[in-house]
Amino acid sequence: MAVHITPLDDSTVSELETRFRGKLLTPGTSEYTEARTIWNAMIDRRPALIAQCAGVADVIAAVNFAREQGMPVAVKGAGHNIAGNAIVDDGLVIDLSPMKSVRIDPEAKTALVEPGVILAEFDHEAQAFGLATPVGYNSTTGISGLTLGGGFGWLSRRYGLTADNLRGADVVTADGRLVHASEEQNSDLFWGLRGGGGNFGVVTSFEFNLHEVGPEVLSGLLVHPFSDTAEVMEAYRAFVAEAPDEVTAWMVIRHAPPLPFIPEEWHGEKVLVIAVYYDGAMTDGEVALQPLREIGTPIADAIGPHPYAGWQQGFDGLLTPGARNYWKSHNFVEFTDGMIDIFVEYGESLPTPESEIAIAQLGGAINDVPVDATAYPHRDAKFLMNLHTRWTDPGRDDECIAWTRELHEAMIPHATGGVYVNFISEEVGEERAAYRENYDRLVELKKKYDPNNLFHLNQNVAPTA
């Protein structure tokens, strides 16, 4: 959508103020700098106005204001999106972070969750009743972006994606209407919300299914010397090929953090970490995970009972805000010898101590859903690679980005050609890879719900061919 941007004068902001309950932040206000700062420090943008919404009425007012003023509009939940789509230069940010309500119905096993909620807050409320839904692995992530992109984590092989557990959503569309989307109402929109990103409106409420989880679960880390990577990966591949859906095992190549269970002499050394979770009875989990624990000679074995909510927050310290981040991602249907060779080669040259090569195990209930049942299309993927490249010195941007792209390029012959939309760093150019077989259907949906592409700051589906 062509946008002509003019500076906002006081009278224009005052007009919005008359129909707004939350806070309106302009560059001169004290809270503005904090509100425009998001997780990825590479993103440094200055909106003309940040509308911190207190409720649905504020969201409607903000959407109408952006449309009437012809302003570019970004939607911010927790501000965790790697590409920085939560913030826009010279435009309006619809900031949902004040909308924090979580209401659990323990009998129905459902949750009503507002869009400003982060995963730690959702887990805290649900775990009071021994319940959870599949969400991501970093507890500071926002529920909104996670769900709209698909969302996967430790529970997903058992219970599917976050989006697969969505029962319904309230959405403010580009024309300022509040509509409900579910299998029964506006089912086409409901289809698009489950994996189509923020293309179709601003979600003001999510309703999820919950499952009995924890509060104590069997989980933990196995830490191996990096020199054993090829041998351990080969054995890991054989283990996960036979593992039940209750088992989820991910791998990470990185420098060892100074965790108390890792011997001090290994702190800062390159290692291969296997992070493992079992969804079920402890005794069954001990049996199921024993073959994995017998692989190689680990430096540390920290598998044991942990609080589920604590395990969900276990990796937060490695993904704190304030660093510069660039990611590249691939999906795979099998774990090949060639992939192992590439992991070993590039693991030797990790550009910074904070950087990681992460390999997530997918499959299970995620892949039981037909490709066309939701907008999320990657139902064939058994594994996912995400390159978490992190650094602090802006002078190293080119070096770190180049390393990431080179490794990503090397993996193309082994990958599906698809990419998880929430892991895309590029502002444009990977939409077809993100939406794959469902792209054309998303275009038709965009034409219906956002024909002028008001919501274009995302992995955008344009309403024209």
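The values are calculated or read from the model by the stated rules, or taken from the named source; none is laboratory data. The structure presented is a predicted model; accordingly, all values stated were derived computationally and were not measured. Using ideal geometry, Cβ is built from the backbone for each residue, glycine included, and neighbour counts are taken over all protein chains shown. Quick note on the areas: whole protein, heavy atoms, side chains included, nothing else; ligands and nucleic acids left out. Shrake-Rupley method; radii C 1.70, N 1.55, O 1.52, S 1.80 Å.
Given R₀ = 45 Å, FRET efficiency for Asp341-Ala54 by Cβ-Cβ distance, to 0.05?
The value I calculate is 0.25.
Across q = 0.07, 0.08, 0.13 Å⁻¹, the chain modelled as identical point scatterers on its alpha-carbon atoms has Debye log10 I(q)/I(0) values of -0.35, -0.46, -1.22, in the order of the q list. With the simple spin-label model, which puts each label point 7 Å out from Cα in the Cβ direction, the Lys109 to Ala241 separation comes to 3.4 nm. The calculated 222 nm mean residue ellipticity attributable to helices in the chain amounts to -7500 deg cm²/dmol, summing -39500 (n - 2.57) over DSSP H runs of n ≥ 4 and dividing by all residues.
Taking only protein heavy atoms and a 1.4 Å probe, what accessible area per residue, in Å², does the chain have with all protein chains in place?
Accessible area per residue: 38 Å².
Take the Cα of Ser349, step 7 Å toward its Cβ, do the same at Asp372, and the gap between the two points is 4.4 nm.
Under the rule of at least 5 residues apart or a separate chain, name every residue whose amide H is placed under 5 Å from the amide H of Gly197. Here the answer is Gly149, since their amide H atoms fall under 5 Å of that of Gly197.
For the chain, the carbon plus sulfur part of the accessible surface works out to 50%, probe radius 1.4 Å. Here the Karplus relation 6.51 cos²θ - 1.76 cosθ + 1.60, evaluated at θ = phi - 60°, turns the backbone of segment 224-230 into coupling constants of 10, x, 4, 4, 9, 4, 4 Hz, with x for every Gly and Pro.
Note on Glu444 and Ser101: the extension gain reaches 120.2 nm, defined as 0.36 nm multiplied by sequence separation minus the Cα-Cα distance. Taking each of Lys76/Lys446; Lys382/Lys446; Lys76/Lys328; Lys270/Lys328 in turn, the alpha-carbon distance tops 26 angstrom for Lys382/Lys446.
Of interest is the spacing of the C-alpha centroids, which for segment 336-377 and segment 227-265 amounts to 13 Å.
Other residues lying with their Cβ under 9 Å from the Cβ of Tyr278 contribute a combined charge of -4, Lys and Arg counting +1, Asp and Glu -1.
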